[in-house]
Amino acid sequence: MGRGVRSEAHAAERGGDEPASSEPWWRDAVFYQVYVQSFADSDGDGVGDLEGFRSRLGYLELLGVDALWLTPFYRSPMADNGYDVSDPRDVDPLFGDLGTFDALLAEAHEHGIKVTIDLVPNHTSDQHPWFQAALAAAPGSPERDRYIFRDGTGAQPPNNWVSTFGGPAWTRVSDGQWYLHLFGSEQPDLNWTNAEVREDVERTMRFWLDRGVDGFRIDVAHGMAKPDGLPDMDPRAAQAAGPHEFADPRFDNEGLADIHAFLRSVLDDYPGTIATGELWTFDDDRLASYLEPGRLHLGFNFRLALTHFDADTLHAAIDRSLTVPQRVGAPATWALGNHDVWRQVSRYGDGETGLRRARAMMLVELALPGAVYLYNGDELGLGNIELPPGVGDDPRAEDDPARNRNIARAPIPWEGTAPPFGFTTGQRSWLPLPEEWADRTVEAQLEDPDSTLSLYRAAIEARHSHQAFGGEGIEWYGAPAGCFAFRRADLDQADDESGVVCVLNTSGSAVDLPPGEVLLSSAPLVDGQLPSDAAAWLV
Ligand code: TEU
């Protein structure tokens, strides 16, 4: 059954007279992030590819997701797993070709699944023809103006900015000038005040939109604009964990409003397509400004992912994440993780405890109004992996192995009893799959009603079919210490006492549940009580 059919049914269940099309699909969609090199490998080289992914589309329909986000599969020297793009309008041979992409796009649409892809407009690869031309050209040339080249002071770079991967954000070229890179030195930042940069990004967007994609996830959407004069940063900002507590002129600059409006204007030529900004922005006003009408549709932010498993702090984080976008008429966007942060199972304590908490948080996340992003493997309850020395190097971990993001990017275990669990027909996968994942494979979980995969499927299904998920509000209930409870319902209908109540227990002991029938619970009830590290939905 196509998604369109289902959303009509959904609207009818809500009792609205509005046709289903009046609510844009993305406002409450469940997105699924496919980390392409880790999803499914069709050619045995140990790296996931577009054909492998296409062959597994049925799984995503079974899971019930509405839309996909594919991480970069463009031509790239792979210095940063494809976020260093040398040709944004072609498929890297590692992943297939344009024909494979077109086939998978058509097939995803046949399954009723929307497809969004990554757009990397902040920087290119150092192997991009533009950057090669810039290196060959003289200081002050039009070729250099597409990037951010500056003179330093003696042997000192132009300012004190550091790369988010560590070390200076400037690299010196042979004639003495420096170029800026907020990420690796293989990822020179583009100059967004240069008209050619805009034209080229527009060309890239239209290239993929004309092929039929449903939108983009905008990489580093808080970073494309740089402030005049490139003032120094507060060095403490580099160490700040998550929230930007110190002055950081590298990000969140004024010029972004115009850039976001420009991206939006291109998308507006393709009705129904969207831009989701990757926003490491923790200032509420600024985050809201990015989502004003005429700017980005959705703001993928990290507040929920960076909040630890504690009912009170989660309650506050949810309130903020909900109200900030709603101020400007945008839906909230929820994510517990992605390919840049630790797997939630590992963040919440690893082992059985980590898994229990991750399952509970999934029920919380899917009960919330707005768009939800899931990251491939979360539905299998995967945690971080250990990397043997020399395997899976990450440019972010050059100075500090603890910052390696590849521990959260292991391939998907599909079937069988030993690695590589059907991920590849070859012997080796680009990152190892742990032996212990024999009970985490798709095959092992699919028919098991108690599995994490079954819980995800049931939650996504209920989110799509239950009328309580129609509204955009939540109402908090009183709850015992260490717990919270909210009712998800259409709050516009004042007398509506229906709805789904979501209860989370982060306390150390079991608690009584409010009245109602248990629709789903992340762990079995114990004598009718919700155990610790668990959540439940009641109707
Ligand atoms: O990530 C950007 C990013 O996550 C950050 O480094 C962020 O700017 C910083 O932590 C703020 O504190 C995206 C991709 O998701 C990532 O995989 C890429 O490596 C990066 O862009 C470069 O393209």
Practice task
Name the one entry in His315, His308 that is out of contact with any strand residue (DSSP E or B) (no Cβ under 7 Å at 6 or more places or on another chain) and open to solvent by 10 Å² or more (accessible area, probe 1.4 Å).
Solution key: His308
Practice task
Might you let me know whether region 517-538 holds any residue that is crowded, with 19+ Cβ neighbours inside 10 Å, assigned to a strand (DSSP E or B) and touching a Lys or Arg at 6+ places or on another chain (Cβ under 7 Å)?
Solution key: yes
Completion exercise
Given the conditions (1) open to solvent by 60 Å² or more (accessible area, probe 1.4 Å); (2) at pLDDT below 95; (3) not aromatic (Phe, Trp, Tyr), every one holds for Ser465 apart from (1)
Fill in the blank from the handout: For region 268-287, the count of residues that are crowded, with 19+ Cβ neighbours inside 10 Å and away from the ligand (no atom under 16 Å from the Cβ) equals 2
Practice task
Might you let me know whether region 468-485 holds any residue that is closer than 27 Å to Glu51 by Cβ and open to solvent by less than 50 Å² (accessible area, probe 1.4 Å)?
Solution key: no
Handout entry: Selection count, region 465-480, where residues are touching a Ser or Thr at 6+ places or on another chain (Cβ under 8 Å) and in contact (Cβ under 8 Å) with a residue 60 or more places away in the chain
Key = 2
Handout entry: Pair list, Cβ < 7 Å and 6+ apart or interchain, from region 166-192 residues that are outside any loop (DSSP other than H, G, I, E, B) to residues that are surrounded by fewer than 15 Cβ atoms within 10 Å (Cβ to Cβ) and among the β-branched types (Val, Ile, Thr)
Key = Tyr179/Val173
Practice task
Could you look through region 379-407, keep only residues that are more than 16 Å from the ligand (Cβ to nearest atom) and part of a helix (DSSP H, G or I), and pick out the one that is nearest to the chain's Cα centre (by Cα)?
Solution key: Glu379
Practice task
Evaluate region 219-232: report whether one residue or more is part of a loop (DSSP other than H, G, I, E, B), open to solvent by less than 40 Å² (accessible area, probe 1.4 Å) and under 27 Å from Asp102 (Cβ atoms).
Solution key: yes
Practice task
Tell me, yes or no, whether region 157-165 has at least one residue that is modelled with pLDDT under 95 and away from the ligand (no atom under 16 Å from the Cβ).
Solution key: no
Practice task
Might you check whether a residue that is over 22 Å from the mean Cα position of the chain (by Cα), surrounded by 18 or more Cβ atoms within 10 Å (Cβ to Cβ) and outside the structural domain of Leu336 (by TED's automatic domain parsing) occurs anywhere in region 233-240?
Solution key: yes
Exercise for the section: Please indicate, with yes or no, whether at least one residue in region 199-212 is open to solvent by less than 30 Å² (accessible area, probe 1.4 Å), more than 26 Å from Tyr373 (Cβ to Cβ) and either among the aliphatic types (A, V, I, L, M) or part of a loop (DSSP other than H, G, I, E, B) (or both). Expected result: no
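The values are calculated or read from the model by the stated rules, or taken from the named source; none is laboratory data. What you are looking at is a predicted structure, and each value in this text was computed from that prediction instead of being measured. Methodologically, a virtual Cβ is constructed for each residue, glycine included, from the backbone with ideal geometry; neighbour enumeration extends over all protein chains shown. Accessible surface is based on the protein model in full, side chains and every heavy atom, while ligands, DNA and RNA are left aside. Shrake-Rupley method; radii C 1.70, N 1.55, O 1.52, S 1.80 Å.
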